[in-house]
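One structure is given below, encoded as structure tokens.
The values are calculated or read from the model by the stated rules, or taken from the named source; none is laboratory data. These figures come from a predicted structure and were not determined experimentally. Cβ coordinates were reconstructed from backbone atoms using ideal geometry, including for glycine residues, and neighbour counts include every protein chain displayed.
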Amino acid sequence: MNFTSSEAPSSKCSVCVLGQFCLPVGLNTVDVAKIDTLVKERVRLQKGENLYRHGDPLSSVYSVRFGTLKTEYGLEDGRQQVIGFHLPGEILGLDGIGDGQYQSDAIALEESEVCIIRYDAFEDLARQIPVLQHQFHRILSRELTQDQRHLLSLGTMRAEERLASFLLNLSQRLAARGYLNNEFDLRMSRVEIGSYLGIQIETVSRMLSRFAESGLIQIKQRHIKLIDMDGLYELAGIPNPERTRCIKK
């Protein structure tokens, strides 16, 4: 792993374009200056490189600055179960807080960079800045809610519903970061998607082909374009938030 310093002014948390995902709002100047001391270094990862491994002692939590990572858990039979995909602005390592050691492996899906947040330093600062502690609780709650929704989808949705919901969730998360919501590259393989959704790789490939034949998407290798958003939302059985906002207006 390639460690780099974050001393440059443009690298400070307070001016980071992803601050809306990590930092609380309404901080005064003094508190902003304190938070800017929290991230002193970053680590650059190449594709396939581990950020941490299951069983490693908790030392830090990490915020993705750019790139994409996956978290996965090794099963007793040797298989790897993907449990999450992490985009810029999202936090990794939270599963290590309870037992003091990470409960999964975190692996880069492409060249990525993460900010290192030393956990003991964060705890000290959170006691000084209550709004930072509140933001951390919000992040924990958001992660828990996302995990619960994923478990619900595994237990109640058909394969095509899970895949449509996955594509739409990825679209929403990318859009929140300023990317196109209807056209993007899948950084994860079909095997990894199948592992995360609890379906076979053959089913993933078959469903993607069926979506394309139905005019829902266009796909070329890992590049995907969502053509019929309403159709995907209908297939997933969830309301289109854009339609909901239009109705409220």
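Summary table below
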quantity: Any hit, the stretch 99-117, residues being assigned to a helix (DSSP H, G or I) and either touching a Leu at 6+ places or on another chain (Cβ under 9 Å) or on the phi > 0 side of the Ramachandran plot (or both); calculated: no
quantity: Qualifying residues in the stretch 212-249 (those that are closer than 19 Å to Glu192 by Cα and of a type outside the set (Lys, Arg)) - the one modelled with the lowest pLDDT; calculated: Gln221
quantity: Matching residues in the stretch 177-230 - criterion: being of a type in the set (Ser, Thr, Tyr) and outside any loop (DSSP other than H, G, I, E, B); calculated: Ser195, Tyr196, Thr203, Ser205, Ser209
quantity: Glu110, sole failed condition from (1) buried (at least 18 other Cβ atoms within 10 Å of the Cβ); (2) under 22 Å from Arg44 (Cα atoms); calculated: (1)
quantity: Checking Gly93 against (1) outside the structural domain of Val64 (by TED's automatic domain parsing); (2) farther than 20 Å from Phe211 by Cα; (3) in contact with a strand residue (DSSP E or B) (Cβ under 8 Å, 6 or more places away or on another chain); (4) not polar (S, T, N, Q), the condition it does not meet; calculated: (1)
quantity: Test: residue in the stretch 60-77 that is free of Cβ contacts under 8 Å to residues at least 40 places away in the same chain, surrounded by fewer than 19 Cβ atoms within 10 Å (Cβ to Cβ), in a strand (DSSP E or B) and outside the structural domain of Ala175 (by TED's automatic domain parsing); calculated: yes
quantity: Residue match in the stretch 175-190 (condition: surrounded by 13 or more Cβ atoms within 10 Å (Cβ to Cβ), without any contact (Cβ under 8 Å) to a residue 40 or more places away in the chain and over 22 Å from Lys70 (Cβ atoms)); calculated: no
quantity: Among residues of the stretch 204-246, those that are in contact with a strand residue (DSSP E or B) (Cβ under 7 Å, 6 or more places away or on another chain) and either β-branched (Val, Ile, Thr) or without any contact (Cβ under 8 Å) to a residue 24 or more places away in the chain (or both), counted; calculated: 5
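Residue-by-condition table, conditions (1) in contact with a strand residue (DSSP E or B) (Cβ under 9 Å, 6 or more places away or on another chain); (2) more than 28 Å from Ile238 (Cα to Cα); (3) surrounded by 13 or more Cβ atoms within 10 Å (Cβ to Cβ); (4) at pLDDT below 90:
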| position | (1), (2), (3), (4) |
| --- | --- |
| Phe122 | yes, yes, yes, yes |
| Leu125 | no, yes, yes, yes |
| Leu132 | no, yes, yes, yes |
| Ile139 | yes, no, yes, yes |
| Thr145 | no, no, no, yes |
| Gln148 | no, no, no, yes |
| Leu152 | no, no, no, yes |
| Gly155 | no, no, no, yes |
